[in-house]
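Data block below; observations after.
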Amino acid sequence: MKIAFLFSGQGVQYPGMGKNLYDNYTESKKAFNDASNILDWDVQEVCFEDKNGLINQTRYTQAALFTTSIAAFNAAVSQGIVPEAVLGFSLGEYSALVASGILSFEEALKIVDKRAQYMDQCAQEKDGGMAAVIGLQIELIEEICQLIREEGLELVVANDNCPGQVVISGEKIAIEKATPLLKEKGARRVMPLNVSGAFHSPLMDDAARHLEEELPNHIFNEVTTPIVSNVTAGYMNKDEAMKNIPLQIVRGVRFRESIEKLIDDGFDTFIEIGVKKTLCNFVGKISSDVQVLNIEDMVSLTNVMNILGGEQ
């Protein structure tokens with residue numbers, strides 16, 4: 001058995017996330033306490049109660065989700081579940097960077113907080129959005145995006161999630177123009193996503209530039225656990241991680257290719273760490289020959305321990 005940990009991105013957040021981990025694992029509690037001490041806002045309150053309705057605002061969502069994922073990661077490791085490789089999806093790549101040893105929790109959290117600020121600012125300045133395209137080959141989606149760009153509008157493939165599910169990102173008017181063309185090509189559905197901006201597109205150029213300027217203020221370490229990059233769908237070292245962090249904001253997430261890379265390298269057990277099971281569903285559509293599990297709370301962690309214990 002060869003285990004890879006997966007960390008999901010923005011969009012899975014909900015009030016109450018991480019509370020069970022906080023209540024049951026000392027290592028998880030420390031992550032939340034440390035996060036609230038490092039940042040200038042109460043991460044625990046936003047994750048557990050969210051009385052002020054902040055959890056779905058990009059400015060707060062990213063650090064809240066990142067902290068919850070690391071809390072789940074810490075709980076898993078404390079129980080002896082250790083990955084041989086890690087992969088994050090968009091925001092989840094920062095949790096993977098911590099799990100890989102490249103960034104400490106504190107360094108990653110500070111970068112995530114800046115990333116959220118910069119992306120939120122871009123989203124407010126530019127009228128962008130994202131949409132999931134269901135049931136159409138990525139090559140045909142790329143063709144439509146190219147046609148739209150030839151009209152002077154910005155539209156790109158943002159996320160290659162799994163066979164039959166690709167996300168596009170760009171100007172809202174570009175998505176509107178592309179939708180009937182995608183359906184004519186055979187897309188079953190084109191569903192606008194509830195996001196604040198055109199993430200993983202050139203409309204985030206300013207955020208990428210600001211983040212690149214921020215990185216020299218942070219400490220990067222050598223890899224201790226192999227990590228697969230969203231940008232390249234290949235393994236990355238410390239220097240490549242520094243290069244890819246800004247690029248990741250404007251480039252697409254090559255999740256399908258990344259999973260296929262890990263499967264080719266012999267990984268047969270994928271454990272989603274953090275919130276919900278979005279990536280589990282993607283992996284299941286990429287391959288039916290691998291085991292897919294998730295760790296979100298005490299019950300799911302105990303379940304994974306029982307399954308892995310029975311197989312070793």
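The values are calculated or read from the model by the stated rules, or taken from the named source; none is laboratory data. Predicted model only: the values in this text are computed from it and were never measured. Glycine also receives a Cβ, built like all others from the backbone with ideal geometry; neighbour counts cover every protein chain displayed. These accessible areas exclude ligands, DNA and RNA; they are computed on the full protein's heavy atoms, side chains included. Shrake-Rupley method; radii C 1.70, N 1.55, O 1.52, S 1.80 Å.
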The listed residue being on the phi < 0 side of the Ramachandran plot, among the β-branched types (V, I, T) and open to solvent by 10 Å² or more (accessible area, probe 1.4 Å), out of I111, I38
I38
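Any residue in the range 18-29 that is over 24 Å from V195 (Cβ atoms), modelled with pLDDT under 95 and either out of contact with any Gly (no Cβ under 6 Å at 6 or more places or on another chain) or not small (G, A, S) (or both)?
We begin by selecting, within the range 18-29, every residue over 24 Å from V195 (Cβ atoms); these are 19-29.
Add one more test, that the residue is modelled with pLDDT under 95, and what stays is none.
Looking through the range 18-29, none of the residues is over 24 Å from V195 (Cβ atoms), modelled with pLDDT under 95 and either out of contact with any Gly (no Cβ under 6 Å at 6 or more places or on another chain) or not small (G, A, S) (or both).
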If I ask for residues that are surrounded by 14 or more Cβ atoms within 10 Å (Cβ to Cβ) and free of Cβ contacts under 8 Å to residues at least 40 places away in the same chain, which ones from the range 179-213 would you list?
L181, K183, R209, E212
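Give the residue that is nearest to Y14 (Cα to Cα), with candidates limited to residues of the range 284-296 that are in a loop (DSSP other than H, G, I, E, B) and open to solvent by 50 Å² or more (accessible area, probe 1.4 Å). Walk me through it before giving the result.
Initial filter on the range 284-296 (in a loop (DSSP other than H, G, I, E, B)): 287-290, 296.
Filter once more, keeping what is open to solvent by 50 Å² or more (accessible area, probe 1.4 Å): 288-289.
Details: S288: 29, D289: 31 Å.
Checking each candidate, the answer is S288.
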Quick check, is Q137 surrounded by fewer than 20 Cβ atoms within 10 Å (Cβ to Cβ), under 17 Å from the mean Cα position of the chain (by Cα) and either closer than 20 Å to W41 by Cα or modelled with pLDDT of 95 or more (or both)?
no
Testing P83 on (1) assigned to a loop (DSSP other than H, G, I, E, B); (2) free of Cβ contacts under 8 Å to residues at least 12 places away in the same chain; (3) not acidic (D, E), one condition comes back false. Which one is that?
(2)
Select from the range 89-103 the residues that are among the polar types (S, T, N, Q) and either open to solvent by 10 Å² or more (accessible area, probe 1.4 Å) or within 15 Å of G234 (Cβ to Cβ) (or both) and list them in ascending order.
S90, S100
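Quick check on the range 253-265. Is at least one of its residues crowded, with 18+ Cβ neighbours inside 10 Å, in contact with a strand residue (DSSP E or B) (Cβ under 8 Å, 6 or more places away or on another chain) and among the polar types (S, T, N, Q)?
yes
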Got a number for residues in the range 214-247 being outside any loop (DSSP other than H, G, I, E, B), open to solvent by less than 20 Å² (accessible area, probe 1.4 Å) and aliphatic (A, V, I, L, M)?
5
Take the residues in the range 264-279 that are touching a residue at least 40 places away in the same chain (Cβ under 8 Å) and assigned to a helix (DSSP H, G or I); name whichever of them is farthest from A96 (Cα to Cα).
T278
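If I ask for residues that are acidic (D, E) and surrounded by fewer than 18 Cβ atoms within 10 Å (Cβ to Cβ), which ones from the range 143-162 would you list?
Within the range 143-162, E143, E150, E151 meet the criteria.
When the residues of the range 57-88 are filtered to those that are of a type in the set (A, V, I, L, M) and in contact with a Gly (Cβ under 8 Å, 6 or more places away or on another chain), which remaining residue is surrounded by the most Cβ atoms within 10 Å (Cβ to Cβ)? Steps first, answer last, please.
We begin by selecting, within the range 57-88, every residue of a type in the set (A, V, I, L, M); these are 63-65, 70-72, 75-77, 81-82, 85-87.
Subset that is in contact with a Gly (Cβ under 8 Å, 6 or more places away or on another chain): 65, 71-72.
Numbers: L65: 29, A71: 28, A72: 32.
Taking the candidates together, the pick is A72.
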